Amino acid sequence: MRVVLAIAAALVAFAANSLLCRAALGGARADAASFTFLRLASGAAVLLLLSRGAGGARGGSWPSAAALFVYAAAFSFAYFFLSAGVGALLLFGAVQVTMIGWGIARGSRPGARVWLGSLLATGGLAWLTLPGARAPSLAGSTLMLAAGVSWGVYSLRGRSSAAPPLPTTADNFVRSVPFALALFVPLAWNAHLTLRGATLALISGAIASGVGYSLWYGALPSLKPATAAIVQLLVPLIAASAAVVLFSETVSARFAVAAAAILGGVALAILPRA
């Protein structure tokens, strides 16, 4: 039950990140480099405070920090080229291929129910996000695919981490800050950051990213690569559902069908046989 609750809280945090990034970047309240730097720096600061009782930031690595930085930066820059729906499909499609592919390479053989569930949930995500979308740009698609692969790598490295999740995540965030600073400094002359954009970036980093990623790292060792990849297909559905509640968006028949496909596919893939 503790693992289930950690997964649920992490997925909600991921969805919150999507909404916060959309509000800041899609609303032209922040540029990508500033948003990325504030997101990672605020996450590092909060996690350092939270991890003091666990011995401080430790257990992370430079490869994990680099994967975290590439994900955050590529995700932020891709927002200027892609719609949120197309971006979500590319992002989580790349996560699926990376994590399930790595598992297969290491000898894992997902069963037919896993493959069928993954296809059903991915089809539901496509049905939810693609209608009305324009053809994505090559630059935006490349950036979002890079973000998905990097997040898949970061998640896979979390499965093999022997250190406690909180100090490990804190260490990874601290190590990622120099990368974010190196990106921000050359682009500072063109920075565009409003007070609301900075606030959204700080909330995204401190809570949705810092705390959310710690919960995710705590749950990952208990999950197979395919399971960890497939449950993340719930994130766009959670974000879309939150938008319905928060912004009074209408619930269409398309949304209902897509939600049923995503939920049914994830359940088929991860739940044991009756």
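Taking LEU91 and the conditions (1) surrounded by fewer than 19 Cβ atoms within 10 Å (Cβ to Cβ); (2) of a type in the set (A, V, I, L, M, F, W, C); (3) at pLDDT 90 or above, which numbered condition does it fall short on, given that it satisfies the others?
Unmet condition: (1).
Show the residue pairs meeting these rules: Cβ distance below 7 Å; 6+ apart or different chains; first residue within region 101-120 and modelled with pLDDT of 85 or more; second residue open to solvent by 40 Å² or more (accessible area, probe 1.4 Å).
GLY103/LYS224; ARG113/LEU268; LEU116/LEU268; GLY117/LEU268; LEU120/LEU268
Looking only at region 51-64, decide whether some residue is within 26 Å of TRP189 (Cβ to Cβ), part of a helix (DSSP H, G or I) and either touching a His at 6+ places or on another chain (Cβ under 9 Å) or open to solvent by 30 Å² or more (accessible area, probe 1.4 Å) (or both).
no
Considering SER204, SER252, which residue is of a type in the set (Gly, Ala, Ser) and within 22 Å of the chain's Cα centre (by Cα)?
From the options SER204, SER252, the qualifying one is SER204.
I'd like the full set of residues that are open to solvent by 10 Å² or more (accessible area, probe 1.4 Å) and touching a helix residue (DSSP H, G or I) at 6+ places or on another chain (Cβ under 6 Å), limited to region 142-163.
Those that are open to solvent by 10 Å² or more (accessible area, probe 1.4 Å) and touching a helix residue (DSSP H, G or I) at 6+ places or on another chain (Cβ under 6 Å): LEU143, LEU145, ALA146, VAL149, SER150, TRP151, VAL153, LEU156, ARG157, ARG159, SER161.
May I ask you to list the residues in region 219-252 that are modelled with pLDDT of 80 or more, surrounded by fewer than 17 Cβ atoms within 10 Å (Cβ to Cβ) and more than 30 Å from SER161 (Cα to Cα)?
The answer is SER241, ALA242.
Return a yes/no flag: does region 173-193 have any residue that is open to solvent by less than 20 Å² (accessible area, probe 1.4 Å), small (Gly, Ala, Ser) and at pLDDT below 90.
There is no residue in region 173-193 that is open to solvent by less than 20 Å² (accessible area, probe 1.4 Å), small (Gly, Ala, Ser) and at pLDDT below 90.
Could you grab the pairs with beta carbons closer than 8 Å, sequence gap of 6+ or different chains, first residue in region 229-242 and within 20 Å of ALA219 (Cα to Cα) and assigned to a helix (DSSP H, G or I), second one open to solvent by less than 30 Å² (accessible area, probe 1.4 Å) and of a type in the set (Phe, Trp, Tyr)?
VAL235/PHE14; VAL235/PHE92; PRO236/PHE92; ILE238/PHE14
Which numbered condition trips up ALA66, out of (1) at pLDDT 90 or above; (2) closer than 20 Å to ILE203 by Cβ?
It is condition (2) that ALA66 fails.
For region 125-134, check the following and say yes or no: at least one residue is open to solvent by less than 20 Å² (accessible area, probe 1.4 Å) and among the aromatic types (Phe, Trp, Tyr).
Scanning region 125-134, I find no residue that is open to solvent by less than 20 Å² (accessible area, probe 1.4 Å) and among the aromatic types (Phe, Trp, Tyr), so the answer is no.
The values are calculated or read from the model by the stated rules, or taken from the named source; none is laboratory data. All of these numbers come straight from a predicted model, not from anything done at the bench. Note: ideal-geometry Cβ built from the backbone for every residue, glycine included; neighbour counts use all protein chains shown. Accessible surface areas use protein heavy atoms only, side chains included; no ligands, DNA or RNA. Shrake-Rupley method; radii C 1.70, N 1.55, O 1.52, S 1.80 Å.
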